[in-house]
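Below: the structure, in structure tokens.
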Amino acid sequence: MDRERLIPHQTVVVKDGRVTGLGPKRSIHIPRGAQRIAGRGKFLMPGLADMHVHLNIRGPAGNITNDQFATLFIANGVTTVRNMWGSPEILALRRSIEQDKVISPRIYTTGPLTDGKPPIRPSSRVVETVSQAIDAVTSDKRTGYDAIKVYNRLSPEVYQAIVSTARTLGLPVYGHVPDRVGIEGVLAAHQESIEHVEGYLEALDRGASPGKVEELVAATRRAGTWNCVTLVFFQGAVPADTASRLLSKPSMRFVPPALRAGWKNNRQLASLTAYQFSRLRLYDEKRREFVRALHRGGAKILLGTDTPNQFIVPGSAVHEELRNLVEVGFTPYEAIRAATKCAAEFLKSQDQWGTVAVGLRADLILVTANPLEDVGNVSRRAGVMVDGRWLPEDELQAGLERLAASYEHDTDTR
Ligand SMILES: [Zn+2]
């Protein structure tokens, strides 16, 4: 994934969770007693990163546990996640993963969701003054979060204080585009990532002069801001009849029943009229066209899903999003790169993971067909390696079946 190429007939040696050798068979020393995995006719690629997820921030309570998340992610080749609402529980989970106590994707996490008043989501951290803003950023840095997450109702003054404090402390700013700051303000502040393509369509609605799209794309590129576009998230905002079709997808079997029920009974969606749904679809189309323009114009894109929001099945949604990116003009290589090398580059971890190379983490997927020819081939797994641990496909499938079986019991008691 460093550039678009296949390197044929390679032997890869993994030791202590790292790739320690890579080259033509004859040039590679295979240590005595090594476990051998036959790769003939197969394709080795880096593990995938879902750059927008919401792990369970309160431990065992909730619709899906972090164990269930981990099983679903790993079985789909997702070896890294960026968690967009943090808590001390998530930091504790990260420590247990690092100590090899849990098999799970590697976690990067923001602090708590930071919003103005009244907050959109009830349990947000509300920040109304400059001194509260400084405290919030300082606290996130001290607690060990990787970034601060900003949200829609922050005032311009508070947003600026968050950004400047974060710069001083070396903490990136990820998140939404505050309504009163707008896309221009967020780009001027060089916010590190924008989620869900927020702010752009609003700016176009305000004044869609000819050339405005190209202007916004160029401003994004100049700002160095990444967009985590989450197209699959918008595909979940559907009326009841489409919802029941989505709920009959094969991957739904592995979703905890409580989570499925939550998706099915989404009150917000149930309250929308046919007209409102038609407006949503119109904006989906505009958003996809804008992502096409962003990509064509050389702005930087990350792949994220926003799981476990409605109908976004952890892990398999990453494969849906790969296809979405191809639909809006990415080559298969570019789509996969958004979920591997670009993700690592964004997180300043390209010397740790994101490509298949000596010295990097052995987070890998072995597939049975060339993913550069068809992005759907990323799903044709022979197995996944996480942190140097090899999990063949039959083991991954058995893990999923165990999950499904555990739910049968669940349903009976609910
Ligand atoms: Zn989210």
Pairs, first charged (D, E, K, R) in region 161-179, second open to solvent by 10 Å² or more (accessible area, probe 1.4 Å), C-beta under 7 Å, six or more apart: ASP179/ASN152; ASP179/ARG153
Selected residue (only one of GLU320, GLU334, GLU327 is of a type in the set (Asp, Glu), within 22 Å of GLU192 (Cα to Cα) and modelled with pLDDT of 95 or more): GLU334
Tally up the residues in region 184-220 that are touching a strand residue (DSSP E or B) at 6+ places or on another chain (Cβ under 8 Å) and away from the ligand (no atom under 16 Å from the Cβ), please. 3
Test: residue in region 30-40 that is farther than 16 Å from THR307 by Cβ and within 16 Å of the ligand (Cβ to nearest atom): no
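Just give me the residues in region 173-198 being open to solvent by 30 Å² or more (accessible area, probe 1.4 Å) and either touching a helix residue (DSSP H, G or I) at 6+ places or on another chain (Cβ under 6 Å) or not hydrophobic (A, V, I, L, M, F, W, C) (or both), in sequence order.
ASP179, ARG180, GLU184, HIS190, GLU192, GLU198 - these are the residues of region 173-198 that are open to solvent by 30 Å² or more (accessible area, probe 1.4 Å) and either touching a helix residue (DSSP H, G or I) at 6+ places or on another chain (Cβ under 6 Å) or not hydrophobic (A, V, I, L, M, F, W, C) (or both).
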Using the structure shown, decide if ASP50 is of a type outside the set (Phe, Trp, Tyr) and away from the ligand (no atom under 16 Å from the Cβ). no
What number of residues within region 180-221 satisfy the criterion of being free of Cβ contacts under 8 Å to residues at least 60 places away in the same chain and under 30 Å from SER139 (Cα atoms)? 15
Top-ranked residue in region 323-341 [being part of a helix (DSSP H, G or I) and in contact (Cβ under 8 Å) with a residue 60 or more places away in the chain; ranked as nearest to the ligand (Cβ to nearest atom)]: ASN324
Of ILE57, ILE120, which residue is farther than 24 Å from PHE346 by Cα, in a loop (DSSP other than H, G, I, E, B), within 16 Å of the ligand (Cβ to nearest atom) and β-branched (Val, Ile, Thr)? ILE120
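Sort out for me the helices (runs of 4 or more DSSP H) sitting completely within region 215-319 that have 2 or more residues that are among the aromatic types (Phe, Trp, Tyr) and either within 29 Å of PRO105 (Cβ to Cβ) or open to solvent by 10 Å² or more (accessible area, probe 1.4 Å) (or both).
Working: elements: 231-234, 240-246, 257-264, 267-270, 274-296.
Here the list reads 231-234, 274-296.
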Residues of region 69-110 being outside any strand (DSSP E or B), over 27 Å from ARG125 (Cα atoms) and polar (S, T, N, Q), in sequence order, are THR71, ASN76, GLN99, SER104
Options ILE103, ILE90; residue that is closer than 25 Å to LEU303 by Cα, buried (at least 20 other Cβ atoms within 10 Å of the Cβ) and aliphatic (A, V, I, L, M): ILE90
Name every residue in region 390-414 that is open to solvent by less than 30 Å² (accessible area, probe 1.4 Å) and modelled with pLDDT under 95, in order of residue number. TYR407
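The values are calculated or read from the model by the stated rules, or taken from the named source; none is laboratory data. None of the values given here were measured: they were computed from a predicted structure. Cβ sites come from the backbone with ideal geometry, for glycine too, and all protein chains shown count toward neighbours. In case anyone asks, the SASA skips ligands and DNA or RNA and just uses the protein heavy atoms, side chains included. Shrake-Rupley method; radii C 1.70, N 1.55, O 1.52, S 1.80 Å.
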